[in-house]
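The values are calculated or read from the model by the stated rules, or taken from the named source; none is laboratory data. If you're wondering where the values come from, they're calculated on a predicted model, not measured in any experiment. Here the Cβ positions follow ideal geometry from the backbone for every residue, glycine too, while neighbour counts run over all protein chains shown.
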Amino acid sequence: MAGKPVKKTERHRLLIEAIEKNPFITDEELAECLRVSIPTIRLDRLELSIPEVRKRTREMASHFFGASQSLDVREIVGELIEIEPGKRGLSLLETDHSMCLEKCDIIRGHIIFAQANSLANAIADVQVALTGKTEFTFLRTVRTGEKLIAKAQVLEKQGHRFLIEVIVRSKEAIAAKGIFVIYGMTLEMANYLNLLKDVE
């Protein structure tokens, strides 16, 4: 849509608004949204002292509300951005060619499922979490380079059983969503059931 160029002050306002709405938005996406060049966006960010997306992500990651009992950070598919055990969590997955189907530029479904499933396990406020049941729906294809933001929320808890909803978004659109039934147990119970690895 052609029109008069947006004034710098207005562009700065729109840029700040876009980043507040989606901290994971890239310079390329901002340039497309504001109809300016990528170098213009970079200059605007410098003037406004706004870091680039990777630094923004790291800064968010340093503001955890808590830590997962059930999973180590290395076991989570994607980067854990925020977690409030027993309540909610947020993770980011930057997709690349290694996650694609061999013959096309589409991210494999099990990658997206793994992001959602590991986040659901991570927010369960237990020492050991196991997925008992899930209903998971893919709503659109995801292509290489897209950033997937998974948001998990505990809907219900009965004893050691958690009902958790996970919604995975990319560029504001829902890519997949699911309901997970997660069962929790203590380390003692997991050891009794021979579920723990032998530690040398």
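Miscellaneous remarks
- Among residues of the range 138-147 being assigned to a strand (DSSP E or B) and modelled with pLDDT under 95, the one that is nearest to residue 87 (Cα to Cα) is 147.
- Looking across the range 82-103 at every residue that is over 15 Å from the mean Cα position of the chain (by Cα) and hydrophobic (A, V, I, L, M, F, W, C), the one that is surrounded by the fewest Cβ atoms within 10 Å (Cβ to Cβ) is identified as 101.
- Within the range 160-172, restricting attention to residues that are assigned to a loop (DSSP other than H, G, I, E, B) and in contact with a strand residue (DSSP E or B) (Cβ under 9 Å, 6 or more places away or on another chain), the residue that is modelled with the lowest pLDDT is 171.
- Count of residues meeting criterion [assigned to a strand (DSSP E or B) and surrounded by fewer than 22 Cβ atoms within 10 Å (Cβ to Cβ)] in the range 107-127: 0
- Tally, over the range 13-39, of residues that are in a helix (DSSP H, G or I) and within 17 Å of residue 147 (Cα to Cα): 11
Yes/no per residue for (1) among the small types (Gly, Ala, Ser); (2) in contact with a Lys or Arg (Cβ under 7 Å, 6 or more places away or on another chain):
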site	(1), (2)
116	yes, no
121	no, no
131	no, no
151	no, no
160	no, no
163	no, no
167	no, yes
182	no, no
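- If you filter the range 40-53 down to residues that are hydrophobic (A, V, I, L, M, F, W, C) and part of a helix (DSSP H, G or I), you find that the one that is farthest from residue 13 (Cα to Cα) is 53.
- Residue 148 exposed (fewer than 13 other Cβ atoms within 10 Å of the Cβ) and of a type in the set (A, V, I, L, M, F, W, C): no
- Residue check, residue 173 touching a residue at least 60 places away in the same chain (Cβ under 8 Å), of a type in the set (A, V, I, L, M, F, W, C) and at negative phi: no
- For residue 181, the criteria (1) in contact (Cβ under 8 Å) with a residue 24 or more places away in the chain; (2) in a strand (DSSP E or B); (3) under 16 Å from residue 91 (Cβ atoms) hold in every case but one, which is (3).
- Within the range 184-195, if we keep just the residues that are in a loop (DSSP other than H, G, I, E, B) and surrounded by 12 or more Cβ atoms within 10 Å (Cβ to Cβ), the residue that is modelled with the lowest pLDDT turns out to be 195.
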